[in-house]
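The values are calculated or read from the model by the stated rules, or taken from the named source; none is laboratory data. Please read all numbers here as calculations on a predicted model, not as lab measurements. Using ideal geometry, Cβ is built from the backbone for each residue, glycine included, and neighbour counts are taken over all protein chains shown. In case anyone asks, the SASA skips ligands and DNA or RNA and just uses the protein heavy atoms, side chains included. Shrake-Rupley method; radii C 1.70, N 1.55, O 1.52, S 1.80 Å.
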Amino acid sequence: LQLYRTIMAETVSTKSPYYPHVIRNTDIFLSLEDSLTPIKQSAEVFSARGDDLETAHSQNALGMQLGRLGRLKEAKEALRKAEDLMADHVSGHAQTLNNRAVVRLAENRTDEGSRMLFYLARDAVQFPFDRIVVAQNLAAFSAMTGEKEASDAFLFSEQLLESLSLRNLGLKRSHLWNYSQWARSTGQTALADKS
């Protein structure tokens, strides 16, 4: 976390082409509330560049964080923007279903939302990255809503990450962080320490 803050404090960081990608992933380091401003900034930077797909990913991340905070009206608006921007892209269908599932989970329609995410992760997503992200969302939201299937969901997410052999450290870190948070919240400190 300290290294992240140090890098972000450097003026040169804002000029890097990777800058909006980094600040979009601040939810890995910061609290839900603290991550909102950087994620919004990432959407603005991508929008200024004319990159609709990345802007949509940022709006999706923003909507998910707002949903986790219970700010459902704002979450729905951010997710609607993501859906609109995704409409012309190949992975748009999967992202749209993912967004709708997230909204259902945020509205405490957990059975319906989790089922949508599960089938999406299992069947509907064509690209490895999207499949893993959806599986991770399923696990994280299952943990947050206290579902007994959370353990299986995390195992599925990890197996998918390994079987698809996608070299992405961010996805691995995200999985481990979500898993450790769930383990701590359920009193499984030994599992949390391993993550």
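Under a Cβ-Cβ cut-off of 13 Å, what is the net charge of the residues other than N108 that fall near it, where Lys and Arg count +1 and Asp and Glu count -1?
Taking every other residue near N108 into account, the sum is -1.
Can you figure out the FRET efficiency of A9 with S163, using R₀ = 41 Å and their beta-carbon distance, to the nearest 0.05?
0.55
Just list whichever of K40/K81; K148/K172; K40/K76 have alpha carbons separated by over 18 Å in the model shown.
In this structure, K148/K172 exceed 18 Å between Cα atoms.
Sorted by mean Cβ packing within 10 Å, highest first, what order do the peptides 110-119, 34-43 take?
In decreasing order of mean packing, 110-119, 34-43 become 34-43, 110-119.
How much accessible area does S13 have with a 1.4 Å probe, in Å² rounded to the nearest 10?
Only protein atoms counted, so the area is about 20 Å².
How would you order 180-187, 150-157 from highest to lowest mean count of nearby Cβ atoms within 10 Å?
In descending order of packing, they fall as 150-157, 180-187.
Gain in length, Q188 to K148, computed as 0.36 nm per residue apart minus the alpha-carbon separation, to one decimal in nm?
Separation in residues times 0.36 nm, less the Cα-Cα distance, equals 13.0 nm.
Report the net charge of residues surrounding S16, where surrounding means a beta-carbon distance below 14 angstrom and charges are Lys +1, Arg +1, Asp -1, Glu -1.
Overall, the nearby charge balance is +2.
Run the reach check for K15 against aspartates and glutamates, Cα to Cα strictly under 19 Å, same-chain hits fewer than 8 apart removed. What comes back?
E44, D51, E54
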